[in-house]
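Quick notes on the structure that follows.
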Amino acid sequence: MAEAMKGLQRSHRCTEVTNKNVGETVTVMGWVQKYRNKGGIIFIDLRDRSGLLQIIFEESDCGAENFAKAEKIRSEFVIAVVGKVEARSGGINENLATGDIEIRATELRVLSEAETPPFPIEEESKTKEDLRLKYRYLDLRRPDIQKNMILRSKVATVTRQFLAEEGFLEIETPVLTKSTPEGARDYLVPSRVHPGNFYALPQSPQIFKQLLMVSGYDRYFQIVKCFRDEDLRADRQPEFTQIDMELSFVDVEDVLDVNERLLKKMFEEAIGIDVPLPIQRMTYAEAMERFGSDKPDVRFGFELKNVSEVVKDCGFSVFTGALGNGGSVRGINAEGQGDMPRKKIDALVSFVKDYGAKGLAYLAIEADGSYKSSFAKFLTEEELKALVEAMSGKPGDLLLFAADEDDVVFAALGALRIEIAKNLGLLLKDEYKFLWITEFPLLEYSKEENRYTAKHHPFTMPMDEDLHLLDTDPGKVRAKAYDITLNGTEIGGGSVRIYQNDVQEKMFEVLGFTKERAYEQFGFLLNAFKYGVPPHAGLAYGLDRLIMLMAKEDSIRDVIAFPKVKDASCLMSEAPNLVEDKQLKELEIGLTIDQNYIWNK
Ligand code: ASP
């Protein structure tokens with residue numbers, strides 16, 4: 001039977017005990033990481049969330065009764081130990097924060113026994129993730145995951161402190177809200193009181209935070225769960241966390257400024273990294289042109305070059321064909337990679353096919369200036385020279401070209417430059433390169449829906465100088481929208497909002513909404529704007545991704561306490577699950593799918 005806590009009070013976490021405490025009596029509590037019984041002497045590594053501490057039991061210190069209890073201890077037992085801090089007798093362990101001390105136990109209480117865990121509780125676990133997630137409460141005991149959780153908490157604390165100092169109010173917005181089918185798919189929650197009606201879980205607090213501006217709260221923030229029922233992808237979570245904010249009486253500059261200072265403080269205080277300000281900025285158009293991506297990784301070069309002009313009259317039909325179809329020919333100079341073996345080049349060729357490209361044309365410049373190439377024979381000597389020059393090619397370089405529609409060329413080469421950098425080990429996790437992307441297109445044409453959709457969301461303000469194009473050439477309109485990217489990952493984004501009803505109505509018109517439908521879905525926002533609305537703007541960070549990069553992890557699952565897996569289920573709680581008929585009846589819900597079918601699946 002476990003003994004109670006009566007008369008015991010923890011004095012320190014394990015690693016809070018230091019050599020300054022030598023000679024003192026301390027009370028520590030935690031889990032048994034390691035247990036060695038050497039006959040008359042028992043060594044235990046005690047673990048809590050701070051780290052490890054060595055405990056020594058000898059009958060002469062703790063008495064026969066305690067020693068007998070100590071002999072029965074096993075891994076993961078929860079124990080309390082009272083003992084004296086001593087300098088370590090058996091030599092210093094450099095790998096431990098408490099490696100120069102140990103506790104000589106005088107009293108032991110076993111607070112809880114433990115079965116042998118299904119996998120070892122250790123750093124850099126080799127256990128399969130599925131098993132770890134099934135027993136997530138044990139996985140969460142591992143020091144590397146605990147470090148991530150502690151970091152996450154720290155970032156949240158620094159964010160709250162900083163934003164409070166800047167005059168932001170933390171205000172909660174509803175989780176049961178209204179479905180607005182623009183954007184990703186909603187998670188729906190049936191209403192019992194209003195049979196046949198559904199709430200939606202918020203994809204973001206967007207409309208509510210804008211309403212808070214209408215209500216005069218001026219500066220709002222929230223660390224908030226958001227829900228999107230999107231298609232399954234390896235590193236996507238159906239529920240995720242945003243640091244969400246909205247500010248009144250501001251324009252783009254003000255939002256960028258306060259966020260740069262927030263990021264600086266966050267990185268400095270949470271991981272000791274200095275973020276030099278101002279953060280580099282790039283327009284969307286420039287990012288696409290130079291990097292083929294709206295979230296370019298600028299830790300390395302390999303920039304795209306448009307060589308359409310140079311090859312437009314050449315004899316290589318792959319190039320001229322793409323140009324004839326309104327596309328482009330662009331290339332990357334993989335500097336110094338001219339001796340890349342054919343097999344590796346072939347791997348790159350098949351890599352870009354995943355991005356819709358038909359292939360890659362390559363040209364390696366040998367040390368003597370001669371070429372090894374998949375297409376050189378179709379070009380004249382002068383054409384080749386002009387092409388190499390346009391690509392700033394030198395002996396030893398490898399030039400890689402894609403020819404297709406712009407979208408495909410950007411996607412393929414944008415991904416290719418990252419793939420090459422990855423292969424060369426250039427993606428250094430301790431280098432943090434931030435970049436603002438600005439002037440996003442307002443709209444995006446959806447071929448499936450045969451209409452424009454909002455690139456950010458329908459409340460995003462067009463750039464002043466492009467407003468007049470909304471009627472005549474909406475595809476050309478740029479928005480006051482911005483993303484903050486880090487090492488090629490979008491970590492946040494936002495925009496200045498439309499606050500004039502006439503512009504908002506025009507926007508809905510361009511998006512193919514009738515006035516009735518716009519009012520049906522967003523009426524409470526549009527009506528609110530009739531009663532005095534300040535110009536406002538905001539931004540939201542994806543906290544999970546941000547922490548992942550700070551923690552140098554590859555998966556957001558490693559920075560979320562209880563994540564879901566790819567099929568949106570939780571391996572530990574086994575959510576989602578079937579519910580009882582009675583529950584469905586109360587909701588007036590009948591299933592069109594056979595329960596037996598689900599059971600047997
Ligand atoms: N609500 C937006 C999002 O979730 C961010 C914003 O515009 O503030 O991406």
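The values are calculated or read from the model by the stated rules, or taken from the named source; none is laboratory data. Fair warning: this is a prediction, and the values are worked out from it, not measured in the lab. Because the Cβ atoms are built from the backbone with ideal geometry, glycine has one as well, and the counts that use them run over all protein chains shown. Keep in mind that these areas ignore ligands, DNA and RNA; they rest on the heavy atoms of the full protein, side chains included. Shrake-Rupley method; radii C 1.70, N 1.55, O 1.52, S 1.80 Å.
Does segment 282-294 contain at least one residue that is exposed (fewer than 15 other Cβ atoms within 10 Å of the Cβ), in a loop (DSSP other than H, G, I, E, B) and more than 16 Å from the ligand (Cβ to nearest atom)?
Within segment 282-294, none of the residues are exposed (fewer than 15 other Cβ atoms within 10 Å of the Cβ), in a loop (DSSP other than H, G, I, E, B) and more than 16 Å from the ligand (Cβ to nearest atom).
Where the second residue is more than 12 Å from the ligand (Cβ to nearest atom) and hydroxyl-bearing (S, T, Y) and the first is open to solvent by 40 Å² or more (accessible area, probe 1.4 Å) and lies in segment 229-255, which pairs have Cβ atoms under 7 Å and are six or more apart or on separate chains?
D229/Y187; D235/S555
Given the criteria among the charged types (D, E, K, R), in contact with a Ser or Thr (Cβ under 6 Å, 6 or more places away or on another chain) and open to solvent by 30 Å² or more (accessible area, probe 1.4 Å), does D100 qualify?
Judged against the criteria, D100 is not a match.
Of a type in the set (G, A, S), within 20 Å of E490 (Cα to Cα) and touching a residue at least 60 places away in the same chain (Cβ under 8 Å): which single residue out of A334, A285, A322 fits that description?
Of A334, A285, A322, the one residue that is of a type in the set (G, A, S), within 20 Å of E490 (Cα to Cα) and touching a residue at least 60 places away in the same chain (Cβ under 8 Å) is A285.
State yes or no: is D254 in contact with a Pro (Cβ under 6 Å, 6 or more places away or on another chain) and outside any loop (DSSP other than H, G, I, E, B)?
Working: in contact with a Pro (Cβ under 6 Å, 6 or more places away or on another chain): no; outside any loop (DSSP other than H, G, I, E, B): yes.
So D254 fails the test.
For segment 501-509, does any single residue satisfy the condition of being over 15 Å from the mean Cα position of the chain (by Cα), within 16 Å of the ligand (Cβ to nearest atom) and closer than 28 Å to T283 by Cβ?
Yes - at least one qualifying residue is present in segment 501-509.
Could you please find all residues in segment 453-482 being open to solvent by 20 Å² or more (accessible area, probe 1.4 Å) and either basic (K, R) or touching a His at 6+ places or on another chain (Cβ under 9 Å) (or both)?
K455, K476, R478, K480 - these are the residues of segment 453-482 that are open to solvent by 20 Å² or more (accessible area, probe 1.4 Å) and either basic (K, R) or touching a His at 6+ places or on another chain (Cβ under 9 Å) (or both).
Out of all the residues in segment 356-369, which are closer than 21 Å to F316 by Cβ and open to solvent by 50 Å² or more (accessible area, probe 1.4 Å)? Quick ask: steps written out before the conclusion?
Taking segment 356-369 and keeping what is closer than 21 Å to F316 by Cβ, we get 356-366, 369.
Within segment 356-369, K358, E366 qualify.
Name the residues in segment 428-452 that are surrounded by 15 or more Cβ atoms within 10 Å (Cβ to Cβ) and out of contact with any Phe, Trp or Tyr (no Cβ under 8 Å at 6 or more places or on another chain), would you?
Answer for segment 428-452, where residues must be surrounded by 15 or more Cβ atoms within 10 Å (Cβ to Cβ) and out of contact with any Phe, Trp or Tyr (no Cβ under 8 Å at 6 or more places or on another chain): K433, F434, L435, L442.
Taking into account only those residues within segment 519-574 that are away from the ligand (no atom under 16 Å from the Cβ) and of a type in the set (S, T, Y), which is nearest to the chain's Cα centre (by Cα)?
It comes out as S555.
Name the pairs whose Cβ atoms lie under 7 Å apart, with the first residue in segment 485-506 and assigned to a helix (DSSP H, G or I), the second open to solvent by 30 Å² or more (accessible area, probe 1.4 Å) and away from the ligand (no atom under 16 Å from the Cβ), and 6 or more positions between them or separate chains?
N501/K530; E505/K515
Consider Y187 carefully, then state whether it is open to solvent by less than 20 Å² (accessible area, probe 1.4 Å), over 20 Å from the mean Cα position of the chain (by Cα), closer than 28 Å to V559 by Cα and at pLDDT 95 or above. Before the answer, list the steps.
Numbers: open to solvent by less than 20 Å² (accessible area, probe 1.4 Å): no; over 20 Å from the mean Cα position of the chain (by Cα): yes; closer than 28 Å to V559 by Cα: yes; at pLDDT 95 or above: yes.
In short, no.
Does any residue of segment 11-24 turn out to be in contact with a helix residue (DSSP H, G or I) (Cβ under 6 Å, 6 or more places away or on another chain) and not charged (D, E, K, R)?
no
Please go through (1) open to solvent by less than 40 Å² (accessible area, probe 1.4 Å); (2) within 15 Å of the ligand (Cβ to nearest atom) for F208 and return the number of the only condition it doesn't satisfy.
F208 satisfies all of (1) open to solvent by less than 40 Å² (accessible area, probe 1.4 Å); (2) within 15 Å of the ligand (Cβ to nearest atom) except (1).
Quick check: anything in segment 16-28 under 14 Å from R141 (Cβ atoms) and touching a residue at least 24 places away in the same chain (Cβ under 8 Å)? Full working, then the answer.
Going residue by residue through segment 16-28, those that are under 14 Å from R141 (Cβ atoms) are none.
No, there is no match, as no residue in segment 16-28 is under 14 Å from R141 (Cβ atoms) and touching a residue at least 24 places away in the same chain (Cβ under 8 Å).
Identify the residue in segment 449-496 that is β-branched (V, I, T) and more than 16 Å from the ligand (Cβ to nearest atom) and, among all such residues, is farthest from Y541 (Cα to Cα).
Taking segment 449-496 and keeping what is β-branched (V, I, T), we get 453, 460, 472, 477, 484-485, 489, 491, 496.
Adding the requirement that they be more than 16 Å from the ligand (Cβ to nearest atom) leaves 472, 477.
Values: T472: 34, V477: 25 Å.
This residue is T472.
Which condition from (1) closer than 23 Å to I279 by Cα; (2) in contact with a Gly (Cβ under 9 Å, 6 or more places away or on another chain); (3) not in a helix (DSSP H, G or I) is the one that W436 breaks?
Status for W436: all satisfied but (2).
Any chance you could count how many residues in segment 374-407 are open to solvent by less than 40 Å² (accessible area, probe 1.4 Å) and over 23 Å from G324 (Cα atoms)?
4
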